[in-house]
Every structure is written in C-alpha cells, then in structure tokens.
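Read the structure below first, then the notes.
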Amino acid sequence: MRTELVSEPADPARPNEDFAGVGLPACGQGGSLVVLDGVTPPRGGTGCLHSVHWYTARLGGALTELTVSLPDVPLSDALARAITRTAESHAETCELSHPRTPQATVVLARWSPATVEYLVLADSALLVESPDGTVTPYLDDRLSRLPRASLATDALVDATVRNKEGGFFTAAADPSVAARAVTGVLPRSEVRALAALTDGATRWTEKFREGDWTDLFTFVRKKGAQALIDRVRTLEAADREERTHLGRSKTHDDATAVYAEL
C-alpha cells in the first residue's frame, strides 16, 4: 500500500490545530488513518488551561493507538474511549463542561483484509474510490444543513447548535458524542483508495468550486496531497480581499490531506 500525508497551518507563525496520523500494525494485515480538525474558539474563555493543538495531539494520539491496538472494537467505541482518555488527562484542572472547551472534527478509517470501516464527525471529509474509479464522499452534513442565520455569531453557535440536538456535533469532552458520528463498513474488495481531508483542504471543492469530489480525488491521486494544498493557498491568496466565495470567515485555514492507496 502507499500513503501520503500533508498538513499545513494557516499561518506558519501559529500552531497547526489539525492532526493527522496513519497506523500500520506490525502484522501488516491492515491499517488505519486519523484526521482531526481542531475547532478554533472565538475570543473569550474556554474553561481550559490547554490549547486546541494540545487537545488534538492528545486525542489524535489516542485514536491512532486505539484503532490499531483494538481492531475488533468499532470505530465509534474507539472514539468514545479516546475522548474519555483525553478528558481524564485534564479533568482536574479544566472546566470540561464549558461549551468552548477544546474540540475537533474527526475522520477515521480502518482497513483489514476483509473490510474498510469509516467514521466521520462534523465537517471534515472522507472520499472513497472503488476499483472502477467511482468516488463516494462520506460526509457529516449537519452543519451545512443549518440555516445560515443560526450561524451568525460564534456565541450563537456555542449556545444553540454545537453539540445540541438539532445542531451538529464535535469531539470535545463527552464520549457519548461518538454515537452521533456517521459510520459504516465496506467490503475491502470495493475500496481501492481513500482520501481524508479537513475543511481547509476541501475548500478546493466546497468554496472555490475547482471541481466536484471526484475531481478533487483525481487531483490528489495524480498530483499529490501537497499540490492540492498549494492550489488552495493560491486560491485563498487571490481572493484575500474580496472573499467572494461564500462561507470563508478567514483567508487561510489549517489544511490537511491524507491519501491511502490500499
């Protein structure tokens, strides 16, 4: 198999709040990938002494280990265990019930000789290519289905729609959120390759309309993950002042792409 992983911060002077990892067990019979996009909090307190990149590093490290070491545990259970482990590491010092406590979107995939499992929580994306070249996106679209008026301010997002019924869910400190993720299992024979992307990378399709999901996947397969992120950076810079592409609250975003050819 072949894997490629690229992750770049929005600003080289600031920490990258994304996390990406690929786990390959010693037996060589499968593997897993983990992609997290840390949620940058608005100005104000979070109730936590730790940064978002601290949180994504802890959660991502736990997920990379658990998805490999517990191959028979469903991905939703692995996520719940990883959230619990991370919460326990700072529960005594931080107010984990705060709505802005460090949190992240999640994409997980794990493959064995027989199956490919997947999990998606919030607005990162998993693209799956079949042997005939068909590309299927696996998305958690709850955030995109919310009325734009409900997302007018970060305060409203925290108070009314984040980790709430009728809203959308992210991995924070409550392990029960894992049951809200989009999950599934595919026959290994139906999967040729995977691409996991944070929304900083999916801007290529979702904001700049350079092509559809199949076009994005083909771009990564032919030109590489670095070329995808480089192209996004070029498009962001060209649109720096006007921001004519809807939904861009900031010029640049942390961007991560992981490609796995099975």
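The values are calculated or read from the model by the stated rules, or taken from the named source; none is laboratory data. These numbers come from a predicted model, not from an experiment. Cβ sites come from the backbone with ideal geometry, for glycine too, and all protein chains shown count toward neighbours.
The set of residues from the range 74-110 being assigned to a helix (DSSP H, G or I), within 13 Å of Asp174 (Cβ to Cβ) and in contact with a Ser or Thr (Cβ under 8 Å, 6 or more places away or on another chain) comprises just one member, Ala80. Looking across the range 15-33, the residues that are aliphatic (A, V, I, L, M) and in a loop (DSSP other than H, G, I, E, B) come down to Leu24, Ala26. Quick check on Val39: is it modelled with pLDDT of 95 or more, surrounded by 16 or more Cβ atoms within 10 Å (Cβ to Cβ) and in contact with a Ser or Thr (Cβ under 7 Å, 6 or more places away or on another chain)? Judged against the criteria, Val39 is not a match. Counting just the residues of the range 89-121 that are crowded, with 23+ Cβ neighbours inside 10 Å, in contact with a helix residue (DSSP H, G or I) (Cβ under 9 Å, 6 or more places away or on another chain) and aliphatic (A, V, I, L, M), which one comes out farthest from Pro71 (Cα to Cα)? Among those that are crowded, with 23+ Cβ neighbours inside 10 Å, in contact with a helix residue (DSSP H, G or I) (Cβ under 9 Å, 6 or more places away or on another chain) and aliphatic (A, V, I, L, M), it is Ala104.
Taken over the range 57-67, the criterion of being surrounded by fewer than 20 Cβ atoms within 10 Å (Cβ to Cβ) and more than 17 Å from Ala173 (Cβ to Cβ) is satisfied by Glu65 alone. Can you tell me which residue is surrounded by the fewest Cβ atoms within 10 Å (Cβ to Cβ) among those in the range 18-36 that are at pLDDT below 95 and of a type in the set (A, V, I, L, M)? So the residue we want is Ala26. Pairs linking a residue in the range 132-147 that is among the hydrophobic types (A, V, I, L, M, F, W, C) and modelled with pLDDT of 85 or more to a residue that is surrounded by 14 or more Cβ atoms within 10 Å (Cβ to Cβ) and not in a strand (DSSP E or B), with Cβ atoms under 7 Å and 6 or more positions apart or on different chains, are Val135/Trp213; Val135/Thr214; Val135/Phe217.
Restricting attention to the range 31-54, the residues that are more than 18 Å from Arg162 (Cα to Cα) and of a type in the set (S, T, N, Q) add up to 2. Within the range 34-45, being closer than 17 Å to Pro9 by Cα, assigned to a loop (DSSP other than H, G, I, E, B) and in contact (Cβ under 8 Å) with a residue 24 or more places away in the chain holds for Val39, Pro41. Contact map, the range 46-67: first residue at positive phi, second residue of a type in the set (S, T, N, Q), Cβ cut-off under 8 Å, separation 6 or more or different chains; pairs are Gly47/Ser97; Gly47/Thr101. Return yes or no: is Asp123 modelled with pLDDT under 95 and in contact with a strand residue (DSSP E or B) (Cβ under 9 Å, 6 or more places away or on another chain)? It is true that Asp123 is modelled with pLDDT under 95 and in contact with a strand residue (DSSP E or B) (Cβ under 9 Å, 6 or more places away or on another chain). Among residues of the range 191-212 that are free of Cβ contacts under 8 Å to residues at least 60 places away in the same chain and over 18 Å from Leu121 (Cα atoms), those with a Cβ under 7 angstrom from a residue that is of a type in the set (Gly, Ala, Ser) and part of a loop (DSSP other than H, G, I, E, B), sequence gap 6+ or separate chain, pair up as Thr205/Gly211; Lys207/Gly247. If the condition is being at pLDDT 95 or above, under 17 Å from the mean Cα position of the chain (by Cα) and part of a loop (DSSP other than H, G, I, E, B), then the range 223-262 contributes only Asp254. Out of the residues in the range 158-176 meeting the condition of being modelled with pLDDT of 95 or more and of a type outside the set (Ser, Thr, Tyr), tell me which one is farthest from Pro42 (Cα to Cα). Of everything passing the filter in the range 158-176, Pro175 is farthest from Pro42 (Cα to Cα). For Thr46, are the conditions met, namely being in contact with a His (Cβ under 7 Å, 6 or more places away or on another chain) and not aromatic (Phe, Trp, Tyr)? The answer is yes for Thr46.
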